[in-house]
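Step one of this worksheet: look at the structure below.
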Amino acid sequence: MQADLEKINSLIIEAAKKAQMETDNEPEPDFTKPIDWPITCTVGPGLEGAIASETKIGYVNGTKGWLIYRGYNIFDLCAYCSYEEVSYLLLHGKLPRASELSEYKKKLAQYRLLNKSLRLLMGFPVENMHAMAALRLGTNMMRQEFTIMDQEEGRRGPTEAIGSDEDSIPMETAPRGAESAIYEFRQPLMRRKARAKQQQETGYDLEACYRLIAGVATVTAAIARVRQGHVPIEPDPELSHAANFIYMMTGRRPSAVEERIMDIALILHADHGMNASTFASMVVASTLSDIYFSVGAGIAALNGPLHGGANEQVISLLQEIGEPSRVKTFLDNTLARKEKIVGFGHRVYKAYDPRARILGPLAEIAVRGNSAAEKLFSVARLLEQEVVARLGQTKLIFPNVDFYSGIVYRALDIQPEMFTPIFAVSRVAGWTARVHEYLQNNRIFRPRAMYTGAFNLEVLPLSQRT
Ligand code: ACO
């Protein structure tokens, strides 16, 4: 067991060395400097290339294959930290001291207990629902339990509500910076907070972020249990976040190696720049909705097949290929049909995805002793070699985070429909950290669309319309 744990650390250090050899130390100057609004940038469809905000939380350099959280590279965080330390880092901007970590862990242990939210959630047919839909619902139940938003104390008074129709005020001009933001709710919010019930929160503060980091794992695990025909399990206060998550999902306390593998998987998915789900949660937060709704929006965006979910498809693909001996023929046929191979390529990474660098060797350890997973892994390894040999140099296509994560989860005996919810269990740290950071200098998101419709049409009486 100890040997395996050491092996895991050495494989991360090895992966870091490999990555280091293929890059330099220079960040992109255009994407790593303070913004002096208004700025000019080249924007593609889907806001590609648009700069929406400043952040100190995380940096992705797709050309060089870097992933950085708060100044630390992902390899070091995986090698030396736990998910608890990393989520604290994302939220607070610094790694916790021993006393801070212990305090934070105590809070997570307390906030993992979601008896009321789970009871409410169990009133719905969770076993027949899509796991992500159930997770979104569960997050709403947490909102109901922990905020005052829907109660008398939480209602906005007339002076706190938006004073004018947002489209009638002069915000269609270039952004004018946070200082001159139009919607300033901080004062009323503070007043409202002061009169909130003692133990209930407004849904904007760090405590709500902790609740979500702890609670999304509990809700996800409960959904997994119910889908398997079991009742949810209460968390064990002695276990870490990763171990608790496996325990609450499977009903058995994981080995140290399984716990470490899950911990690394959670660290690897915790934040990833301004991706669709992060942006979705920030857009919702920018209206001064609350953080439970923001995280709900993140979950909703993550559910789409263009974002989360590719790892589930990777497992189906590897099962379909079946044998290493069939990899070449599969690839010949797929490329001849000009189809994409799921688990490869990335919108941002045009180099080897640093997360896949860790997950590949990690999967090799995770599958040991599980013959079905070993088979999947052997097919995957060969597929990676073949794809990289054929498309690596020419099209900069390499395995992405989803290529090996599904194998890791399968080896931990987790059902494929839970893969995307697990992504949310981790990413909730990035969503909450970025929302919390953005709200310090909030400005409601409000891009424009180019109108290409008609003008000056005449409204005809109903009888004359064709
Ligand atoms: N397999 C084979 N060829 C590929 C692949 C792939 N997976 N991905 C891209 N290419 C090729 C394209 O065919 C295209 O070739 P061409 O220039 O000859 O037409 C070229 O690479 C560029 O492709 P684009 O689709 O423009 O690349 P883009 O950066 O927009 O796509 C994407 C990124 C959507 C992730 C794509 O690589 C893909 O569909 N991959 C498979 C699905 C997948 O694994 N998604 C998970 C992504 S990770 C995540 O979201 C957490």
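Counting beta carbons within 10 Å around each of 142, 122 and listing the fewest first gives the order 122, 142.
Evaluated over segment 310-411, the count of Lys pairs having alpha-carbon atoms less than 21 Å apart is 9 (only pairs 8 or more residues apart or interchain). Here is the list for segment 357-466: GluC sites (Glu not before Pro) lying in DSSP coil, each with at most 11 other C-beta atoms within 10 angstrom of its C-beta, are 458. Between residue 332 and residue 390, the contour length at 0.36 nm per residue exceeds the Cα-Cα span by 19.9 nm.
Using only the C-alpha atoms, the convex hull of the chain corresponds to 207 Å³ per residue. By how many degrees, between 0 and 90 and to the nearest 10, does the Cα long axis of helix 206-227 differ from the longest principal axis of the chain? The answer is roughly 50 degrees. Could you compute the net charge surrounding residue 216? Neighbours are other residues with a C-beta less than 11 Å from the C-beta of residue 216; K and R count +1, D and E count -1. Computed value for this residue: +4. Taking θ as phi - 60° and the Karplus parameters 6.51, -1.76 and 1.60, the scalar couplings of segment 256-263 work out to 4, 5, 4, 4, 5, 5, 5, 4 Hz in sequence order, x denoting glycine and proline.
Fewest to most neighbouring Cβ within 10 Å: what's the order for 394, 220, 63?
If I rank by nearby Cβ atoms, fewest first, I get 394, 63, 220.
Against the longest alpha carbon principal axis of the chain, how many degrees, from 0 to 90 and to the nearest 10, is the axis of helix 83-92 turned? Between helix and principal axis, roughly 30 degrees. Taking Cα atoms only, the orientation of helix 276-286 departs from the longest principal axis of the chain by about 20 degrees. Considering only the other residues whose Cβ falls under 12 Å of the Cβ of residue 101, what net charge follows from Lys and Arg at +1 and Asp and Glu at -1? With Lys, Arg at +1 and Asp, Glu at -1, the neighbours total +1.
Dipole orientation for segment 310-411: of the candidates 341, 379, 311, 341 has the Cα lying most toward the positive pole (charges on Cβ; Lys, Arg +1; Asp, Glu -1). Note that segment 48-64 has calculated 3J(HN,Hα) couplings of 4, x, 6, 9, 9, 6, 9, 8, 10, 7, x, 9, 10, 10, x, 6, 9 Hz, one per residue in order, obtained from phi through the Karplus relation 6.51 cos²θ - 1.76 cosθ + 1.60 (θ = phi - 60°); glycine and proline are x. Between residue 17 and residue 339, full extension at 0.36 nm per residue minus the direct alpha carbon distance yields a gain of 112.6 nm.
Can you give the local net charge around residue 352? Use residues other than it whose beta-carbon is closer than 9 angstrom to its beta-carbon, Lys and Arg +1, Asp and Glu -1. Counting the neighbours of residue 352, the net charge comes to 0. By the beta-carbon count within 10 Å of each Cβ, the least crowded to most crowded order of 325, 117, 53, fewest first, is 325, 53, 117. Scaled against the 2.2 N^0.38 Å expected of a compact globular protein of N residues, the Cα radius of gyration of segment 310-411 reads 0.99.
The residue among 322, 81, 99 whose Cα reaches farthest toward the positive pole of the charge dipole of the chain, with charges on the beta-carbon of Lys, Arg, Asp and Glu, is 322. Counting only Cβ charges, +1 for Lys and Arg and -1 for Asp and Glu, the dipole size of the chain around its Cα centre is about 320 debye. Amide H to amide H, with H built 1.01 Å from N, residue 58 comes under 5 Å of 70, counting only residues 5 or more places away or on other chains.
FYI, it's all coordinate maths here, none of it is from the lab. Note that the structure is predicted; figures quoted are calculated from it, not measured. No Cβ is skipped: glycine too gets one built from the backbone with ideal geometry, and neighbour counts run over all protein chains shown.
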